[in-house]
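Questions regarding the structure given below will be posed in turn.
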Amino acid sequence: MGSRIAIIGTGYVGLTTGACFAHLGHDVVCADLDPGRIERLSQGHLPIYEPGLQDIVEAGIASGRLRFVVGAAEAAKDCEFAYLCVQTPQGDDGSADLTYLQAAAADIAKVLPAHAVVVNKSTVPVGSTKVVERVLGRHDVSVVSNPEFLREGSAVSDFLKPDRVVIGSDDPSAATRVASLYSDTSAHLLVTDPASAETIKYAANAFLATKISFVNAVAAVCEAVGADVNDVVLGIGYDKRIGHEFLRPGPGWGGSCFPKDTRAMVKIAENAGYDFNLLKGVVVVNDEQRERMVTKVRNAVGGNLAGAVVAAWGLTFKANTDDLRESPAIAIIDVLQSLGAIVKAYDPQVSQHPSINVGSDPYEVCDGADTLLVLTEWDEFRWLDLDEVKRRLRQPNIVDTRNLLDRSAALRSGFSYQGVGR
Ligand SMILES: NC(=O)c1ccc[n+]([C@@H]2O[C@H](COP(=O)([O-])OP(=O)(O)OC[C@H]3O[C@@H](n4cnc5c(N)ncnc54)[C@H](O)[C@@H]3O)[C@@H](O)[C@H]2O)c1
């Protein structure tokens, strides 16, 4: 017998969580604020692109185990578990803004059935479990922290086959009930106090951002000393203590989580009296990496960006998502445009953007450009015809911020090629 689960928020995390729980046999009601979004979701039209999600949403709706309603209270009034999956954006001082979380908790406070468990899946600083408890003001309801580690682009498989599930609670019975929801996922289960669970999420993202900034810094050294970062990563990665995972140089990290979560962790540490210099350095390296990519484009077009035409492949913050939040591609294009460059962009998941000219064909955006600039590691870019690209460009230049294209093939085709760290 499945459990009755309310999901508050139908973004990347909420929609994936709701559809996956329905897939696992639970009875799920998902809520959001926008009636139009709920109407479209009820008909199986997804507001986001996430591989595999369309199929399990459709299957969930067809089975009757996945429903969509307007308003958190409507979803929570008959639930055993209420999952808070709302956004926690960066506040003005760098800390996480809990306004949406508190509002969602307030929405469900009066309607929650007795003995329901409120599960906080949003990424929130230490102490937020207590904040939700205070807003709820209910002694017959437990609050549990259950941070989410899914990656956009592979959210469904990450949810169904997680590396681990972390549950933070001072109430062993509530923790056991939440753990039982994941019994079919064969994940490592870690039950902690709420502060540890909340810290685990930030520490994980801070560490991952550190890995990328580290390899980007090594890439800068490689360029300076004439080494190839791809070989360096291969060489260090065979050391089991280091490993190869998540050590790809690129234009810097972005997306909806790392930028706000690294800054929030710096703030959490600061508020607790610790100056997290290492993580501050990680953020600085990331900002510098974007500037380094702009310099590569400037060099490729002969030293002056004013009037230079740039064909940009990729706008999303990484491949296999439509998410543009804090995308390094957008940040780099913004700088190029502010310096006078004329950018024409192509992305498989983006057809328009308020400040960027977006084309519908990867070759067409190359017409008359002074350089091709690869910004997102979409697999399809690997297989495009470089000779056709060369025919369309005004100058045969490639700046490949993802080391995605075949460098030897590009050089053979007569391109001048700049990657990262090689
Ligand atoms: N996106 C990721 O890859 C990811 C991964 C792990 C953790 N997280 C964390 O999960 C949380 C959600 O992230 P997201 O990317 O899914 O956010 P999102 O912005 O895509 O979705 C949040 C949704 O919540 C809805 N919402 C807000 N207040 C509501 C309310 N009172 N009632 C009903 N709906 C409400 C919004 O309308 C929106 O649709 C954040 O804390 C984020 O840091 C995100």
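The values are calculated or read from the model by the stated rules, or taken from the named source; none is laboratory data. None of these values were measured; they are calculated from a predicted model. A quick note on method: Cβ atoms are made from the backbone with ideal geometry, for glycine too, and the neighbour counts reach across all protein chains shown.
Pick out the one residue from A209, A195, A187 that is modelled with pLDDT of 95 or more and out of contact with any Phe, Trp or Tyr (no Cβ under 8 Å at 6 or more places or on another chain).
Exactly one residue qualifies, and that residue is A195.
Out of E152, E223, I need the residue that is more than 22 Å from the chain's Cα centre (by Cα) and among the charged types (D, E, K, R). Which one?
E223
When residues of region 38-58 are filtered for being within 14 Å of the ligand (Cβ to nearest atom), surrounded by fewer than 20 Cβ atoms within 10 Å (Cβ to Cβ) and under 19 Å from T321 (Cα atoms), how many remain?
Number satisfying all stated conditions: 6.
Identify the residue in region 101-124 that is within 11 Å of the ligand (Cβ to nearest atom) and in a loop (DSSP other than H, G, I, E, B) and, among all such residues, is surrounded by the most Cβ atoms within 10 Å (Cβ to Cβ).
My answer is S122.
Sticking with this one: So, of the residues in region 309-343 that are over 21 Å from S256 (Cα atoms) and crowded, with 19+ Cβ neighbours inside 10 Å, which turns out to be nearest to the ligand (Cβ to nearest atom)?
A312
Here's a check for you: in region 154-167, which residue that is assigned to a loop (DSSP other than H, G, I, E, B) and closer than 27 Å to A195 by Cβ is nearest to the ligand (Cβ to nearest atom)?
The qualifying residue nearest to the ligand (Cβ to nearest atom) is P162.
Quick test for you: out of S145, S173, S122, S157, pick the one residue that is closer than 25 Å to A19 by Cβ, out of contact with any helix residue (DSSP H, G or I) (no Cβ under 7 Å at 6 or more places or on another chain), in the same structural domain as G9 (by TED's automatic domain parsing) and of a type outside the set (A, V, I, L, M). I'd like the intermediate steps shown before the answer.
On the way: S145 fails: out of contact with any helix residue (DSSP H, G or I) (no Cβ under 7 Å at 6 or more places or on another chain); S173 fails: closer than 25 Å to A19 by Cβ; S122 fails: out of contact with any helix residue (DSSP H, G or I) (no Cβ under 7 Å at 6 or more places or on another chain).
From the options S145, S173, S122, S157, the qualifying one is S157.
Which one is farthest from A203 (Cα to Cα), of the residues in region 126-181 that are surrounded by fewer than 20 Cβ atoms within 10 Å (Cβ to Cβ) and of a type in the set (K, R)?
R138
Something else now. Quick check: anything in region 96-106 under 15 Å from V143 (Cβ atoms) and touching a residue at least 40 places away in the same chain (Cβ under 8 Å)? Spell out the reasoning first.
Within region 96-106, the first condition is being under 15 Å from V143 (Cβ atoms), and the residues that meet it are 98, 101-102, 104-106.
The next check asks that each one be touching a residue at least 40 places away in the same chain (Cβ under 8 Å); those that pass are 104.
Yes, there is a match, as at least one residue in region 96-106 is under 15 Å from V143 (Cβ atoms) and touching a residue at least 40 places away in the same chain (Cβ under 8 Å).
A follow-up question, please. So is D78 surrounded by fewer than 16 Cβ atoms within 10 Å (Cβ to Cβ), assigned by TED's automatic domain parsing to the domain that holds P147, modelled with pLDDT of 95 or more and part of a loop (DSSP other than H, G, I, E, B) or not?
Working: surrounded by fewer than 16 Cβ atoms within 10 Å (Cβ to Cβ): yes; assigned by TED's automatic domain parsing to the domain that holds P147: yes; modelled with pLDDT of 95 or more: yes; part of a loop (DSSP other than H, G, I, E, B): yes.
Judged against the criteria, D78 is a match.
Which residues, taken from region 289-304, are surrounded by 15 or more Cβ atoms within 10 Å (Cβ to Cβ) and either farther than 19 Å from V420 by Cα or out of contact with any Gly (no Cβ under 7 Å at 6 or more places or on another chain) (or both)?
Passing the criteria: R292, M293, V294, K296, V297, R298, A300, V301.
With respect to the numbered conditions (1) at pLDDT below 95; (2) within 15 Å of the ligand (Cβ to nearest atom); (3) not basic (K, R), which one is the sole condition not fulfilled by A19?
Unmet for A19, out of (1) at pLDDT below 95; (2) within 15 Å of the ligand (Cβ to nearest atom); (3) not basic (K, R): (1).
Additional query: For R151, only one of the following conditions fails: (1) touching a residue at least 40 places away in the same chain (Cβ under 8 Å); (2) near the ligand (Cβ under 10 Å from one of its atoms); (3) part of a loop (DSSP other than H, G, I, E, B). What is its number?
Checking R151 against (1) touching a residue at least 40 places away in the same chain (Cβ under 8 Å); (2) near the ligand (Cβ under 10 Å from one of its atoms); (3) part of a loop (DSSP other than H, G, I, E, B), the one that fails is (1).
While we're here: Filter region 22-37 for residues that are more than 23 Å from the chain's Cα centre (by Cα) and within 14 Å of the ligand (Cβ to nearest atom) and give the result.
V29, P35, G36
For region 305-422, which fully contained helices (runs of 4 or more DSSP H) count at least 2 residues that are within 27 Å of L53 (Cα to Cα)?
Values: elements: 328-338, 379-382, 386-392, 407-412.
Result: 328-338, 379-382.
For E377, which of the numbered conditions (1) crowded, with 18+ Cβ neighbours inside 10 Å; (2) of a type in the set (D, E); (3) over 28 Å from T262 (Cβ atoms) fails to hold?
(3)
Name the residues in region 289-303 that are touching a residue at least 24 places away in the same chain (Cβ under 8 Å) and either over 15 Å from L373 (Cβ atoms) or not charged (D, E, K, R) (or both), would you?
Hits for region 289-303 are Q289, M293, V294, V297, N299, A300, V301, G302.
Sticking with this one: Can you confirm whether region 13-35 contains a residue that is without any contact (Cβ under 8 Å) to a residue 40 or more places away in the chain and polar (S, T, N, Q)?
Looking for residues that are without any contact (Cβ under 8 Å) to a residue 40 or more places away in the chain and polar (S, T, N, Q), one finds none in region 13-35, hence no.
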